[in-house]
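Heads up, the thing below is written out as structure tokens.
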Amino acid sequence: MKIINFGSINIDHVYSVDHFVRPGETLSSNSYAVFSGGKGANQSIALARANADVVHVGKVGKDGIWLKEKMEKEGIDTSFVNTVKAPTGHAVIQVNKEGENAIIIHGGANLTYKSSDIEKVLKTAKTEDIVLLQNEINDVDKIIKQTKSKGLKVVFNPAPMSDAVKDYPLELVDIFIINETEGEALSGEKKPEKIIKAMGKLYPKSSVVLTLGKKGVIYAKGKKVISVDALKVKAVDTTGAGDTFIGYFLAEFSRGMTIEKCLEAAIKASSICVTRKGAADSIPRLLV
Ligand code: RIB
């Protein structure tokens, strides 16, 4: 079973700061570094480092060919990563002393998917394959519809959340992987237990994985609810932690592991990720 990830690829410009810049303020950074990123690419790298079979479908400009090469070296099938005229997507990331981040993204090449690209990839898919999506590319709604019309499973991480998400055919999503902000936007509820209940009512056929940062994670499908605690670690940079979680969760899921095992592996991997700087570069490799 392979995971086909239609996902963003970004160049991350990361600034470490004493505090997030305030309106009207000019702030000097303490350090600056360029990393590979993009929620999609990070998730593919996490999948590959967790030994899953992953095909990445993405777009870069000429300035991002190094990112494609990097993904290839990770063992990701990049035959559907094309170079386009638009510049590679990028992110401007502030990381504060607590390791928290504030991110601005510019879509660039990530917003140049065409229907024909989607069709070409799905033609190569088998029904047991899984399609993974985040919300940093265009045509997410079309990809969901086309994937389901082929009978494949859709896993959707609606990050970053936007107003458009509610108009996507979300009833076709098999697994939602969301954080509290995304959960609140989708369900209108603030408390984790209420988010889970409301999501169950809105999307009764879907499973929901609700990540809660330091408070762990809750999984729910119908009446089955599983909670796993977070591990205590000293966070240096939380960028990419959610992506690491998703990659590891799905890698274990594709190997037929129990949901408990999938959640435990994902929590462990994302806990390691936050103790390191950068996005893709901070994702751990599976220890066997
Ligand atoms: O989830 C972290 C990612 O979000 C960063 O790598 C950045 O590129 C943005 O897409």
Taking 0.36 nm per residue of sequence separation and subtracting the Cα-Cα distance, how much length would be gained by fully extending the chain between ASN138 and LYS223, in nm to one decimal?
27.2 nm
Förster radius 45 Å - calculated FRET efficiency between MET1 and ARG22 (Cβ-Cβ, nearest 0.05)
0.40
Give the relative contact order (percent, whole number) for the chain; include only Cα pairs under 8 Å separated by 6+ residues.
19
Using a 1.4 Å probe, what is the accessible area per residue for the range 1-157, in Å²?
43
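Set the Förster distance to 35 Å, then compute FRET efficiency between LYS85 and GLU171 from the Cβ-Cβ distance, nearest 0.05.
0.45
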Once you sort the root eigenvalues of the Cα gyration tensor of the range 155-215 as a ≥ b ≥ c, which label holds: rounded (a/c under 1.5), prolate (a/b larger than b/c) or oblate (the other case)?
rounded
What FRET efficiency would be calculated for the residue pair LEU202, LYS234, taking the C-beta separation as r and a Förster radius of 41 Å, to the nearest 0.05?
0.65
On the accessible surface of the chain, probed at 1.4 Å with all protein chains in place, carbon and sulfur together account for a percent value of 53
Using only DSSP helix segments of four residues or longer, with each worth -39500 (n - 2.57), what per-residue ellipticity at 222 nm results for the chain after dividing by its residue count and rounding to 500?
-9000 deg cm²/dmol
Label the chain by shape, choosing from rounded, prolate and oblate, from the square roots a ≥ b ≥ c of the eigenvalues of the Cα gyration tensor; if a/c is under 1.5 it is rounded, and otherwise prolate applies when a/b is larger than b/c, oblate when it is not.
rounded
Amide H of THR112: which non-local residues (sequence gap of 5 or more, or other chain) have their own amide H closer than 5 Å, using H built in the peptide plane?
ASN138
Contour minus Cα-Cα distance for ALA102 and LYS145 (0.36 nm per residue)
12.3 nm
Would you mind classifying the range 30-98 by shape? Square roots of the alpha carbon gyration tensor eigenvalues, ordered a ≥ b ≥ c; an a/c under 1.5 is rounded, otherwise it is prolate if a/b is larger than b/c and oblate if not.
oblate
For the range 139-272, alpha-carbon Rg and Dmax in angstrom:
14.4, 45
Given points 7 Å out from each Cα along the Cα-Cβ axis, report the GLU72 to ASN51 separation in nanometres with one decimal.
2.6
Report for the chain the percent antiparallel among DSSP-assigned beta bridges with both residues inside it, nearest 5.
40
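Using only the heavy atoms of the protein chains and a 1.4 Å probe, how would THR244, THR211 rank by accessible area, largest first?
Correct descending sequence by accessible area is THR211, THR244.
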Candidate span helices, the chain: DSSP H, at least 18 Å along axis from Cα coords, Kyte-Doolittle average at least 0.0, result 241-254, 259-273
Does anything in the range 43-59 have its amide N under 18 Å from the 7 Å Cα→Cβ label point of LEU286, and if so which residues?
43-56
Distance between modelled label sites at GLU260 and GLU119, nm, 7 Å Cα→Cβ extension:
4.7
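The values are calculated or read from the model by the stated rules, or taken from the named source; none is laboratory data. No experiment lies behind these values; they were computed from the predicted model shown. Glycine gets a Cβ as well: all are built from the backbone with ideal geometry, and neighbour counts include every protein chain shown. Remember, those area values only see protein heavy atoms, side chains included, never the ligands or the DNA or RNA. Shrake-Rupley method; radii C 1.70, N 1.55, O 1.52, S 1.80 Å.
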